[in-house]
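**Q** Sharing a structure with you now.
The values are calculated or read from the model by the stated rules, or taken from the named source; none is laboratory data. Predicted model only: the values in this text are computed from it and were never measured. Cβ atoms come from the backbone with ideal geometry, glycine included; neighbour counts cover every protein chain shown.
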Amino acid sequence: MAPVADTTLVPGKVDWKGKPARKNKHGGALNSWFIIALFAADSFATLALAVNIVTYFSNVMYFQLTEASDVLTNYLGTSYVVAIVAAYISDAYLSRYKVILVSALLEILGFVLLTVQAKSSKFKPVPCDVYVDPASCVKVHGRNSSFLYASIYLIAVGTAGLKVCVAAHGADQFDGEDPREAKQRSSYFNWLFLGMGAGSTASLILVSWLQTDVGWGWGFGLSAIGSFVGTVIFVVGIPRYRVHAVPFSDPISPILKVFVSAVINSNHSLPSNSKELYEIDSHGDSDKQVEFLPHTDHFRFLDKAAIRGARTSCRVTHVESAKILLGMIPIFLTVLVMELCFVEFVSYSITQGLTMDPRIGKIKATATPFLPFLFTVLLVPVYDRLFVPLARRLTGLPAGVTPLQRVGAGVVFSILALAAGAVLEVRRKKVAEDRDMVDAFLVLQVLPISFFWLSVQYFFYALSQVFAFVGLLEFFYSEAPRALRASATYLLWFSVGLGYFLSNAVVGWVNDATKNNTATGGWLVGFNLNRNHLNYFYWMLAVLSFANFLCFVFFAMCYKYRSKTPARVTDDGAVDQNAV
């Protein structure tokens, strides 16, 4: 007998025409691959640009180095600022897939314009040798300058919308209340990260090489093609997507009202029975697009916002949404410290690679970050196919471990990465001293030590990302109120952006604190890494990460998941009825 198709309506989801989404027609693991392909294509197209943008602006458009660095800062800053706008719009007024589609088209247009300018001499300054006769080099100006900035910022805006909406839209393809689909959703986040890693690896090896060694136009052109192909694949899946049912109203105002109402109603007494708190009535399938959250006992002071008959009353669901976001704040603060340490680690690992010998081929120093992405591609299948099933047998949880347990493991691996970086730095400096190369010219006189020694610290870094980054994506999405899921996942990207913003300030503070204890005037002062004390800096970050880990463990233990009894599932997908 053929199995009966599951025609169950999916709560909070519609199809691309606005009709209720059904499990047998929309979403699921297969359709999520269209979204993963787009994310991989976006990483393929954009990462090489971010890595090489300073070189392009200084060597081709003849910006001063500081001006070119400012362009990179503004490019990244624009991307992270626009991302929150895109997240808010996709949550409140426009379906996520529409924001993704518009963003992808803007990104393609930006790369096409960048390609045209790079290939056409009339849109570029007159060629000159910036190293031999810099005075003869005329910086791009006028309409050509506007052309250049329009290209870059179209890409920045497009990348922002993709970055913040793709993860949430892909997760929308799964019903977290269904144990089988909850298991698939957790796996989706793993494969999404693998897609990003694969695209990034190809970008750093192939696109970066094309840009700098073959021609900037060829590199930008390949990025445009990659972005276009990813968009076409994404569009193919549109008729079968589960689409977030937007409320066409501000989802933040009701939550802000909770805090205001709790203060206004502070003199009222809470009813002894929480069922007496205000909530609208549910009428079966007609309310499947309306979220209902059960009352919880933590942050009881917010319950006063839902007192019936008070001057102002809020739904229990809105109160619970406010509780969820309030509970996320301590987690977010620890994530911010973690991302700050990640940013410092990646930046100085690249600097270490600049002084080391690429013995296999002619791999550019700026391409050395391909190692952690390569490790990511290798580790994600191991995690998803080996670790998760084993952990699932022990815990019964669909993902093997809870999202916060996964993040905690990632923080531990990040500490090991920092420790490995400190140990390697001691070895690297020892080689410089033994070969009398302490004052060797950076890049042109590399040390006789292979940059593949960076593999150890990059391996631990990749492990930390597989655990922490993916765990945080899943945590922010699964715990957030349904109406704010894209905005909640933005918290992760925001922490990364803020980490970049704070990284220079941290280095400045460290140099000020150590200026009287070193001959160079600070641990990281100057351009000669061989005379700096990067190993001390790594150890300091490791200690900071350990302290942050202790704080994270405390906050994670205090955190109340929105589902008191997590759904449990066996390896064959069957529900464990004793655990639900």
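So that you can scan it fast, the table gives a plain yes or no per residue for (1) modelled with pLDDT of 95 or more; (2) more than 17 Å from VAL346 (Cα to Cα):
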position	(1), (2)
LEU371	no, no
VAL377	no, yes
THR395	no, yes
PHE413	yes, no
ALA419	yes, no
LYS429	no, yes
MET437	no, yes
ILE449	no, yes
VAL456	no, no
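**Q** With ALA488, ALA542, ALA556 as the choices, which residue is closer than 28 Å to VAL426 by Cα, hydrophobic (A, V, I, L, M, F, W, C), assigned to a helix (DSSP H, G or I) and modelled with pLDDT of 85 or more? Don't jump to the end; show me each part of the working.
**A** Numbers: ALA488 fails: closer than 28 Å to VAL426 by Cα; ALA556 fails: closer than 28 Å to VAL426 by Cα.
Residue meeting the stated conditions: ALA542.
**Q** Same structure, new question: Is it true that ASP172 is buried (at least 24 other Cβ atoms within 10 Å of the Cβ), of a type outside the set (S, T, N, Q), over 18 Å from ALA41 (Cβ atoms) and outside the structural domain of GLY396 (by TED's automatic domain parsing)?
**A** Values: buried (at least 24 other Cβ atoms within 10 Å of the Cβ): yes; of a type outside the set (S, T, N, Q): yes; over 18 Å from ALA41 (Cβ atoms): yes; outside the structural domain of GLY396 (by TED's automatic domain parsing): yes.
Judged against the criteria, ASP172 is a match.
**Q** Could you look through segment 56-98, keep only residues that are under 20 Å from TYR149 (Cβ atoms) and of a type in the set (Val, Ile, Thr), and pick out the one that is modelled with the lowest pLDDT?
**A** Taking the candidates together, the pick is THR66.
**Q** For segment 156-176, state whether one or more residues are over 30 Å from PHE375 (Cα atoms), of a type outside the set (A, V, I, L, M, F, W, C) and not in a loop (DSSP other than H, G, I, E, B). Steps first, answer last, please.
**A** Initially, segment 156-176 is screened for residues over 30 Å from PHE375 (Cα atoms), giving 175.
Retained after the next criterion (residues that are of a type outside the set (A, V, I, L, M, F, W, C)): 175.
Add one more test, that the residue is not in a loop (DSSP other than H, G, I, E, B), and what stays is none.
So far as segment 156-176 goes, no, none of its residues is over 30 Å from PHE375 (Cα atoms), of a type outside the set (A, V, I, L, M, F, W, C) and not in a loop (DSSP other than H, G, I, E, B).
**Q** All but one of (1) modelled with pLDDT of 90 or more; (2) over 17 Å from THR489 (Cβ atoms) hold for ASP250; which doesn't?
**A** So the condition that ASP250 fails would be (1).
**Q** Still on this structure, I have one more. Considering every residue within segment 81-90, establish whether at least one is under 29 Å from ILE205 (Cβ atoms) and touching a helix residue (DSSP H, G or I) at 6+ places or on another chain (Cβ under 8 Å).
**A** So the first thing to find is which residues in segment 81-90 are under 29 Å from ILE205 (Cβ atoms), and the list is 82-83.
With touching a helix residue (DSSP H, G or I) at 6+ places or on another chain (Cβ under 8 Å) added as a condition, the list becomes 82-83.
Looking through segment 81-90, at least one residue is under 29 Å from ILE205 (Cβ atoms) and touching a helix residue (DSSP H, G or I) at 6+ places or on another chain (Cβ under 8 Å).
**Q** Right, another one. Could you list, ordered by first residue, the pairs with Cβ atoms under 9 Å in which the first is in segment 99-118 and within 12 Å of PHE147 (Cα to Cα) and assigned by TED's automatic domain parsing to the domain that holds LYS163 and the second is of a type in the set (Lys, Arg) and outside any helix (DSSP H, G or I), at least 6 apart or interchain?
**A** GLN117/LYS124; ALA118/LYS124
**Q** Taking the criterion of being in contact (Cβ under 8 Å) with a residue 24 or more places away in the chain, in contact with an Asp or Glu (Cβ under 6 Å, 6 or more places away or on another chain) and over 30 Å from TRP209 (Cα atoms), would at least one residue in segment 30-41 satisfy it?
**A** Taking every residue of segment 30-41 in turn, none turns out to be in contact (Cβ under 8 Å) with a residue 24 or more places away in the chain, in contact with an Asp or Glu (Cβ under 6 Å, 6 or more places away or on another chain) and over 30 Å from TRP209 (Cα atoms).
**Q** With assigned by TED's automatic domain parsing to the domain that holds ASN52 and without any contact (Cβ under 8 Å) to a residue 12 or more places away in the chain as the only criterion, which of VAL235, VAL243, VAL214 stands out?
**A** Just one listed residue meets the conditions, VAL214.
**Q** Residues SER286, SER274, SER269, SER261: which one is at pLDDT below 90 and surrounded by 11 or more Cβ atoms within 10 Å (Cβ to Cβ)? It would help to see each step written out before you state the result.
**A** Values: SER286 fails: surrounded by 11 or more Cβ atoms within 10 Å (Cβ to Cβ); SER269 fails: surrounded by 11 or more Cβ atoms within 10 Å (Cβ to Cβ); SER261 fails: at pLDDT below 90.
Within the list SER286, SER274, SER269, SER261, the selection yields SER274.
**Q** Report, ordered by the first and then the second residue, all pairs with beta carbons closer than 8 Å, sequence separation of six or more or different chains, a first member in segment 521-543 that is closer than 14 Å to GLY508 by Cα, and a second member that is surrounded by fewer than 19 Cβ atoms within 10 Å (Cβ to Cβ) and among the aromatic types (Phe, Trp, Tyr).
**A** Taking only residues 6 or more apart or on different chains, the pairs are TRP523/TYR536.
**Q** I've got another one for you. How many of the residues in segment 236-275 are out of contact with any His (no Cβ under 7 Å at 6 or more places or on another chain), aliphatic (A, V, I, L, M), part of a helix (DSSP H, G or I) and within 13 Å of ALA305 (Cβ to Cβ)?
**A** Looking only at that region, the number is 5.
**Q** Which residues, counting only those in segment 413-448, are surrounded by fewer than 16 Cβ atoms within 10 Å (Cβ to Cβ) and either of a type in the set (Asp, Glu) or not in a helix (DSSP H, G or I) (or both)?
**A** GLU433, ASP434, ARG435, ASP436, VAL438, ASP439, PHE441, LEU442, VAL443, LEU444, GLN445, PRO448 - these are the residues of segment 413-448 that are surrounded by fewer than 16 Cβ atoms within 10 Å (Cβ to Cβ) and either of a type in the set (Asp, Glu) or not in a helix (DSSP H, G or I) (or both).
**Q** Further question: Give me the residue from segment 317-326 that is hydrophobic (A, V, I, L, M, F, W, C) and surrounded by 19 or more Cβ atoms within 10 Å (Cβ to Cβ) and, out of that set, nearest to LEU256 (Cα to Cα). Give the steps one after another, and end with the answer.
**A** Taking segment 317-326 as the starting set, the residues that turn out to be hydrophobic (A, V, I, L, M, F, W, C) are 319, 322, 324-326.
Now restrict to residues that are surrounded by 19 or more Cβ atoms within 10 Å (Cβ to Cβ): 319, 322, 324-325.
Values: VAL319: 10, ALA322: 8, ILE324: 13, LEU325: 11 Å.
Top of the filtered list is ALA322.
**Q** Next question, about the same structure. So is PHE301 surrounded by fewer than 20 Cβ atoms within 10 Å (Cβ to Cβ), modelled with pLDDT of 90 or more, touching a helix residue (DSSP H, G or I) at 6+ places or on another chain (Cβ under 9 Å) and outside the structural domain of LYS560 (by TED's automatic domain parsing) or not?
**A** yes
**Q** Scan PHE476, PHE452, PHE467 and give me the residue that is out of contact with any Asp or Glu (no Cβ under 8 Å at 6 or more places or on another chain), surrounded by fewer than 23 Cβ atoms within 10 Å (Cβ to Cβ) and either of a type outside the set (Asp, Glu) or under 27 Å from MET196 (Cα atoms) (or both).
**A** Result: PHE452 is the single residue among PHE476, PHE452, PHE467 that is out of contact with any Asp or Glu (no Cβ under 8 Å at 6 or more places or on another chain), surrounded by fewer than 23 Cβ atoms within 10 Å (Cβ to Cβ) and either of a type outside the set (Asp, Glu) or under 27 Å from MET196 (Cα atoms) (or both).
**Q** Here is a follow-up. If you take the residues in segment 423-461 that are among the basic types (Lys, Arg) and over 33 Å from the mean Cα position of the chain (by Cα), which one is farthest from TRP539 (Cα to Cα)?
**A** Filtering segment 423-461 down to residues among the basic types (Lys, Arg) leaves 427-430, 435.
Filter again for over 33 Å from the mean Cα position of the chain (by Cα), leaving 429-430, 435.
Numbers: LYS429: 16, LYS430: 18, ARG435: 26 Å.
The residue in question is ARG435.
**Q** Any residue at all in segment 144-158 that is assigned by TED's automatic domain parsing to the domain that holds GLN64, touching a residue at least 24 places away in the same chain (Cβ under 8 Å) and under 27 Å from ARG240 (Cα atoms)?
**A** yes
**Q** Now, a different point. Only one of (1) assigned to a loop (DSSP other than H, G, I, E, B); (2) surrounded by fewer than 16 Cβ atoms within 10 Å (Cβ to Cβ) is not met by ILE329, so which one is it?
**A** (1)
This table checks each residue for (1) surrounded by fewer than 24 Cβ atoms within 10 Å (Cβ to Cβ); (2) part of a loop (DSSP other than H, G, I, E, B); (3) modelled with pLDDT of 90 or more.
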| position | (1), (2), (3) |
| --- | --- |
| GLY110 | no, no, yes |
| TYR131 | yes, yes, no |
| ARG143 | yes, no, no |
| TYR153 | yes, no, yes |
